[in-house]
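Bear in mind these aren't lab numbers, they're just calculated from the coordinates by the rules spelled out. Just so it is clear, the model here is predicted, and its values are computed rather than measured. Cβ placement follows ideal geometry from the backbone for every residue including glycine, while neighbour counts extend to all protein chains displayed.
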Amino acid sequence: MTATPRALELVREAAEAASDKLATDILAFDVSEQLVITDAFLLCSAANDRQVKSVVDEIEDRLRALGAKPVRREGERDGRWVLLDYADIVVHVQHSEERAFYALERLWRDCPAIDLQLSPHGPTVAEPRRDQ
């Protein structure tokens, strides 16, 4: 069994939202063969508590636009590790320190990675002017 098309749509949109808010170390795993409660996990890191909240807000907004609402949300008050459970997918937005300490990707490394197809972000390099 593999992740459903709906789970893949949600995990890719959540990853794109996290990337837009400059989250780092964005990874997704198809955990459908290991767990019956969800199809995919998305992991991402943020540099500070404020950025964790910003990433969470953007993910919720983008997935709401696709008709998805979290069935459970944990850790939002502390802003260090927020878990968003959408049934089809589970999103972990972690402060960089928590991400390094807990290293969730080690737990799921035997599961297939999901190609997130993220758009490139970052500063663009200006083309040199030809008239100089």
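As for the range 37-45, it holds no residue that is out of contact with any Phe, Trp or Tyr (no Cβ under 9 Å at 6 or more places or on another chain) and farther than 21 Å from residue 109 by Cα.
The lone criterion from (1) farther than 21 Å from residue 80 by Cα; (2) out of contact with any helix residue (DSSP H, G or I) (no Cβ under 6 Å at 6 or more places or on another chain) left unmet by residue 39 is number (2). State all residues of the range 66-96 that are touching a residue at least 40 places away in the same chain (Cβ under 8 Å), under 24 Å from residue 8 (Cβ atoms) and not in a strand (DSSP E or B); if no residue qualifies, say none. Once the filter is applied, which keeps residues that are touching a residue at least 40 places away in the same chain (Cβ under 8 Å), under 24 Å from residue 8 (Cβ atoms) and not in a strand (DSSP E or B), the range 66-96 yields 66, 68, 86, 87, 88. Could you tell me how many of the residues in the range 34-65 are assigned to a helix (DSSP H, G or I), within 15 Å of residue 14 (Cβ to Cβ) and polar (S, T, N, Q)? Matching residues across the range 34-65 total 1. One residue stands out among those in the range 27-65 that are loosely packed, with under 13 Cβ neighbours inside 10 Å and not acidic (Asp, Glu): the one that is farthest from residue 17 (Cα to Cα), which is 36. Residue pairs whose Cβ atoms lie under 9 Å apart, sitting 6 or more positions apart in sequence or on different chains, and linking a residue in the range 20-40 that is on the phi > 0 side of the Ramachandran plot to a partner that is hydrophobic (A, V, I, L, M, F, W, C), are 22/46; 22/47; 22/55; 25/43; 25/44.
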